[in-house]
1. Could you tell me whether any residue of region 18-32 is part of a strand (DSSP E or B) and free of Cβ contacts under 8 Å to residues at least 60 places away in the same chain?
2. Checking LEU67 against (1) surrounded by 13 or more Cβ atoms within 10 Å (Cβ to Cβ); (2) assigned to a helix (DSSP H, G or I), which test does it fail?
3. So, in region 30-64, of the ones that are under 27 Å from SER2 (Cα atoms), among the hydrophobic types (A, V, I, L, M, F, W, C) and under 12 Å from the mean Cα position of the chain (by Cα), which residue ends up surrounded by the fewest Cβ atoms within 10 Å (Cβ to Cβ)?
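Since every read-out is calculated from the coordinates, none of them should be taken as a lab result. Only a predicted model underlies this, so the values are computations on that prediction, with no experimental measurement involved. As a convention, Cβ positions derive from the backbone with ideal geometry for all residues, glycine included, and neighbour counts pool all protein chains shown.
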Amino acid sequence: MSNRVRIRILDNEYIIESDLDRAEIIEIAQFVDEKCREIKESIQGLTEKKIAILAAFEIASEYLRLLKKEITTQKKVQAISYSIDSAIGEDIGE
């Protein structure tokens, strides 16, 4: 089911149509708005288009950093799991 939600980013109103829950759409919009406002306050005189591009870049950068961290964590968990499986196998006499 598709949801239509009215959001505001940098004082501009948009209608978002998505399969996400209404609360999730609002949460994402608030996150994007906060990023845009941080950039707008830190670098004066940017157009909204440049603010949006910088916000998208920053959000993508954060996402990729977290994704890499998750992959590293998964590899560590797999290595530990393998070590435990090997140790258990040796104790049982496999």
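1. Applying the first criterion (part of a strand (DSSP E or B)) to region 18-32 yields 18.
With free of Cβ contacts under 8 Å to residues at least 60 places away in the same chain added as a condition, the list becomes 18.
The answer is yes, given that some residue of region 18-32 is part of a strand (DSSP E or B) and free of Cβ contacts under 8 Å to residues at least 60 places away in the same chain.
2. (1)
3. Only one residue fits best here, namely ALA60.
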